[in-house]
Structures are given as structure tokens and as C-alpha cells.
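These notes concern the structure reproduced below.
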Amino acid sequence: MSTSSVESPNPAAGQRWPGLATPPRAPWRARIAEALFRRAVRPLDVRITLPDGSTLGAGGAGAPEMRLRRPAAFFHRLGADTKIGFGEAYMVGDWTTDALAELLTPFAERMATLIPPVLQRFRRLVERQQPRGERNTVEGARSNIHRHYDLSNDLFATFLDETMTYSSALFAPGEDDLAAAQRRKIDGVLDYAGVREGSRVLEIGTGWGELALRAAGRGARVTSLTISTEQRKLATERIAAAGLADRVDVQLRDYRHAEGEYDAVVSVEMIEAVGAAYWPTFFDTVGRRLRPGGKFGIQAITMAHDRMLAAADTYTWVHKYIFPGGLIPSVESVQRGVAEHGGLRLQAVREFGQDYARTLRMWRDRFTQRWNDVAALGFDEVFRRMWEFYLAYSEAGFRSGYLKVHQFGFAKPAETTT
């Protein structure tokens, strides 16, 4: 069909969000993007409906429907940058759906094969690289974390549970209590790290303090590091309110500047923000801070090793709008990195990616139900669609198995005497 007469993107979005300005018109790139998109969706169990009523995809009437409202703008965005344009097009309303995660799941399942093999070799020539300014140096990491975690504590409180835990829960069979599932997840990490009465614990990545609270509740003394000013503020308040300020010290400090020796080191879904170039430093820090015989408990989002290598240095919608500077590791990169740079031995591992899909669905439902509260904080409709896309896109990754989440338990060899 001809797309030349379809209306342009909402101009207000480009004015309020400069990154969403109408992409430069490059008809040849838009034509290529359209041809690739039509080819990619042909076998998928989805239904793409165009303004003239025609459809694409293999899905029938009951399949998730993607309604292309402005095809011309959509294909121009894909042509300008496929890995960013698809999400941006949703943000400005070029396309919409009533089943976002369900629609995105078939795309995630076919992620590795959406681009024909003959064209894969040209990816590096057209894909954007991560900006040097978003590298996770000490200053860069602080800036990257600020852009997401310092948005507003009140924003996160609208969709997180009472524990204010922003990572995958671990559900018991038949369980629907998100807070209980979050505490179970935290206890799993603490158990892997051997945290008990009298333990000295280093936490890398405070969040809003729930892990530190539960560790202190076991009788441990905790030093918790964060580079988010907003998280430190609320975590400190929560710890004081629980009467545990004498057991937990929350420091505004980069992990590279950690001091002291500890019985246990713990970290939950922080390594994804470290950046591959700094993983050796991160693992070395863990090894140096653990006493002989000490243990390391870590939770990490993971992806297949070959996919991780392909994703390294590429710049995606998630980098631009949600998590600048990050890279999801593979199981192999975690286990090998901890062994080679931290000198630790693997003792235990568990995987529960489908629990993350469920956690994300619960977060998105809460976010949608409390949108009026979010809007009252000053966030606009473009932000709403951005956040919905982020949560649904992530859910689809776990639903499809493209992403997983693991907990690992490592131990530092005890000193031996001769």
C-alpha cells in the first residue's frame, strides 16, 4: 500500500521529548525497513492491521493485534534506527495495541532470526554504538544511574510492593503475594552468601534498602553502597524507621571505592549496569573485599552468551530511554568472570525467569491502575507509553526465554596453613 498520505507523528511529542523529533526522511531506508518488517512478521502469530484494513502476520482473529496508525512515520523510524525506532513509534502513537506484552513476545521469540542471515554481516555498519559519554566510568556510572533511579521515589512507590524491591521476585507455587515473593528472593541471595548472626556484609547496590533490612534482621552488620542519591535517602529513612540504623551503614559510594573486609558480599541485579568493560573490576572488587572462606551471593538478569556478544556495544531503545550504559551478562560471563577476576568458586545456582515475567506483569498492572497518581507527579502521556513499553518489552523477553534471571552462590577459598 502507499504510505505517503498518512499523517505525521504527533508534533508535540517531538517538542517535549527532543529525542522523538520526526526522523529524517530517507525514503530508501524506509522502503527497506518496510520490506524487512513485512518479511519478519510473515510467520509470527500476530496480526498487523493497517489503516486500509489490510493485515500482515500469520495470526488469526484471536492473535495479538498491532494497529499501525501512521505507517509512513513508523517505517521512517524503523529505517532511521530499527532498535530504537520501534519503541519510539509506540511512544508517540504511530502504532498501538491492547495486548502489549502478548504482542511483543513472538517478536522476542524470533529476535535472533528477524534479520535475514545474509544481512546479519552488515549489522555493525548500520547499528549505532553506545555513546562514549555513557561509559560506566565513576562519573559516567553516576550519571547513568541518576537518569533512571533518581526519577522519583514516589514514582517507583506507585507500582512496587511494600518492600520497594525493583528486581525479580521468587514465587512459591500458587503464591500471589508479591511482597512475600520478594522477601523469598532476598532470603535466597542471603542464604547463598551465608549471612547469619554476626556476619559482616557488603551490599553493592542498595536499592531502597530491603535486602539490608533483612540481613540486619538476621543479626548481620551491613555496609551498603549506592550511587543513587534518591535511593540512599529513602533507604536510610526505612532503616531508621525499622530501628536498625546501628546495624546498617548506607554509603553514597561507587563499588570501586569499597573498603574493608567482609564475610559476605551480596548484589542484586546491579551487574547489568556495570558495563562489560568494567566487569573485571567489579569481580576483582568482590574478591578483594571477601575474607578467606567468605561467600558471594548475586542475582543477575542473563541472556545466551552468543546473544550477549552480539549485543555488546550496540545502542538500543532501552539504552536511550531506560538504562544507559548497561549490558545484560550471560551465565558463562558471570561464572568465568567471578572465577578469573575474583578467585571464587561456584557453589550453587538457580534460574527463575518466568517469575520475572510475572513480576513485571504485576508492576505494569499497578502502574496502569495508578496512572493518575503518576501523572500527578508531573509525568506526561509520552512517559506513560514509554514506561508501559519498557515493562511489557521486558516481560516479553522473559516470557519468551530470550532473557532469564539467575541467582549464584560463590565462595572464596579458605586460607590454608602448611
Are any residues in the stretch 50-68 crowded, with 18+ Cβ neighbours inside 10 Å and either among the aromatic types (Phe, Trp, Tyr) or over 12 Å from Arg38 (Cβ atoms) (or both), and if so, which ones?
Gly59, Ala63, Pro64, Glu65, Met66
Pairs with Cβ under 7 Å, 6+ apart, first in the stretch 133-160 and of a type in the set (Val, Ile, Thr), second crowded, with 19+ Cβ neighbours inside 10 Å:
Val138/Asp254; Ile145/Ile227; Ile145/Ser228; Ile145/Ala273; Thr158/Phe367; Thr158/Val374
I'd like to check which helices (runs of 4 or more DSSP H) are fully inside the stretch 316-418 and have at least 1 residues that are at pLDDT 95 or above, assigned by TED's automatic domain parsing to the domain that holds Leu151 and among the aliphatic types (A, V, I, L, M).
331-337, 353-369, 371-376, 381-400
Looking at (1) in contact (Cβ under 8 Å) with a residue 60 or more places away in the chain; (2) surrounded by fewer than 16 Cβ atoms within 10 Å (Cβ to Cβ), which is the one condition that is false for Val265?
(2)
Quick test for you: out of Arg42, Arg29, pick the one residue that is surrounded by fewer than 21 Cβ atoms within 10 Å (Cβ to Cβ) and touching a Gly at 6+ places or on another chain (Cβ under 6 Å).
Arg29
Test set (1) in a helix (DSSP H, G or I); (2) hydrophobic (A, V, I, L, M, F, W, C); (3) touching a Leu at 6+ places or on another chain (Cβ under 7 Å) - Val266 fails condition number
(1)
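Of all residues in the stretch 221-257, count the ones that are touching a strand residue (DSSP E or B) at 6+ places or on another chain (Cβ under 6 Å), in contact (Cβ under 8 Å) with a residue 40 or more places away in the chain and of a type outside the set (Phe, Trp, Tyr).
From the stretch 221-257, those touching a strand residue (DSSP E or B) at 6+ places or on another chain (Cβ under 6 Å) are 221-225, 232, 235-236, 239, 247-251, 253, 255; that's our starting set.
Next, from what is left, pick out any that are in contact (Cβ under 8 Å) with a residue 40 or more places away in the chain: 250, 255.
Subsequent filtering for residues that are of a type outside the set (Phe, Trp, Tyr) retains 250.
Residues that pass the stated criteria total 1.
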Can you name the condition, by its number, that Arg147 falls short on among (1) surrounded by fewer than 20 Cβ atoms within 10 Å (Cβ to Cβ); (2) more than 19 Å from Leu377 (Cα to Cα)?
(2)
Among Gly397, Gly401, the single one that is closer than 17 Å to Ala108 by Cβ, surrounded by fewer than 19 Cβ atoms within 10 Å (Cβ to Cβ) and not basic (Lys, Arg) is Gly401
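The values are calculated or read from the model by the stated rules, or taken from the named source; none is laboratory data. Keep in mind that what you see is a predicted model, and the values were worked out from it rather than measured. Methodologically, a virtual Cβ is constructed for each residue, glycine included, from the backbone with ideal geometry; neighbour enumeration extends over all protein chains shown.
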